[in-house]
1. Can you name the residue in the range 202-217 that is within 12 Å of residue 141 (Cα to Cα) and touching a residue at least 40 places away in the same chain (Cβ under 8 Å) and, of all such residues, is farthest from the chain's Cα centre (by Cα)?
2. Out of the residues in the range 159-174 meeting the condition of being surrounded by fewer than 20 Cβ atoms within 10 Å (Cβ to Cβ) and touching a residue at least 40 places away in the same chain (Cβ under 8 Å), tell me which one is farthest from residue 251 (Cα to Cα).
3. Taking the criterion of being in a loop (DSSP other than H, G, I, E, B), within 19 Å of residue 247 (Cα to Cα) and without any contact (Cβ under 8 Å) to a residue 24 or more places away in the chain, would at least one residue in the range 190-201 satisfy it?
4. Within the range 24-37, does at least one residue satisfy the condition of being at pLDDT 70 or above, over 30 Å from residue 216 (Cβ atoms) and not assigned by TED's automatic domain parsing to the domain that holds residue 208?
5. Look through the range 38-56, keep the residues that are surrounded by 13 or more Cβ atoms within 10 Å (Cβ to Cβ) and within 20 Å of the chain's Cα centre (by Cα), and return whichever of them is modelled with the highest pLDDT.
6. Just for the range 180-201: of the residues that are more than 19 Å from the chain's Cα centre (by Cα) and under 17 Å from residue 232 (Cβ atoms), which one is surrounded by the most Cβ atoms within 10 Å (Cβ to Cβ)?
7. Tell me which of these residue 247 doesn't satisfy, since it passes every other one: (1) over 18 Å from residue 190 (Cα atoms); (2) surrounded by fewer than 23 Cβ atoms within 10 Å (Cβ to Cβ); (3) touching a residue at least 40 places away in the same chain (Cβ under 8 Å); (4) in contact with a helix residue (DSSP H, G or I) (Cβ under 9 Å, 6 or more places away or on another chain).
């Protein structure tokens with residue numbers, strides 16, 4: 001028995017280690033997508049059932065193996081239905097290189113993905129200045145800054161503008177009597193592509209109850225894209241930033257500038 005185990009260890013190849021690593025990364029990313037939602041309990045249950053099936057197969061329990069095998073085989077189609085939103089979000093992250101270039105990516109230590117941002121430099125000063133003014137006057141605003149994904153689908157839900165980013169334009173868009181103030185502004189490169197855009201809201205059950213729909217929409221978009229979203233609260237005047245589904249709220253203008261320079265600076 002010991003000899004068989006030792007021979008099995010000797011046949012363990014580096015490709016097997018790579019296989020395990022890739023599966024572990026995929027499971028980790030899937031868990032991040034469903035974390036904090038009702039789907040996380042289903043995810044854990046399915047994972048536990050799969051591990052049980054592997055144990056049954058290793059013990060050569062043929063009857064139970066056959067039953068669990070049939071259930072898991074059919075269960076793949078059920079997973080697509082149950083996790084359709086999470087699967088869509090996962091594919092969007094892959095398509096926008098969110099996994100390979102995000103803060104949680106192991107490749108960030110090798111500086112992969114640099115130079116993939118928009119070629120036109122973002123006017124960070126104008127955005128920070130506009131957010132500061134709107135925060136002081138408690139003017140509600142939500143500003144989306146795209147990266148790899150152009151967010152054309154969400155731009156089409158609003159009114160096209162196509163203007164260079166400037167403090168005055170941003171302030172005028174979100175002025176309470178402006179017809180464009182109700183919705184999000186989407187910025188690509190250094191151009192304001194559209195205003196009054198409709199964004200998806202997050203379904204995270206653990207989302208802070210004291211935050212409003214602007215914050216929910218900001219987190220919802222950042223969960224399904226690589227965009228950076230800035231929110232100015234109409235109630236408190238606080239400035240918030242969300243990226244990859246993670247929200248930082250009530251930050252200072254200096255903190256906002258640091259985040260934008262780190263993300264979009266040359």
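The values are calculated or read from the model by the stated rules, or taken from the named source; none is laboratory data. Since this is a predicted model, take the numbers as computed values, not measurements. Every residue, glycine among them, receives a Cβ derived from its backbone with ideal geometry; neighbour counts consider all protein chains shown.
1. Filtering first and then ranking leaves 214.
2. The residue in question is 164.
3. yes
4. yes
5. So the residue we want is 43.
6. Applying the filter and picking the extreme gives 195.
7. Every condition holds for residue 247 apart from (3).
Conditions (1) part of a strand (DSSP E or B); (2) more than 21 Å from residue 137 (Cβ to Cβ), marked per residue:
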site	(1), (2)
171	no, no
182	no, no
221	no, yes
231	yes, no
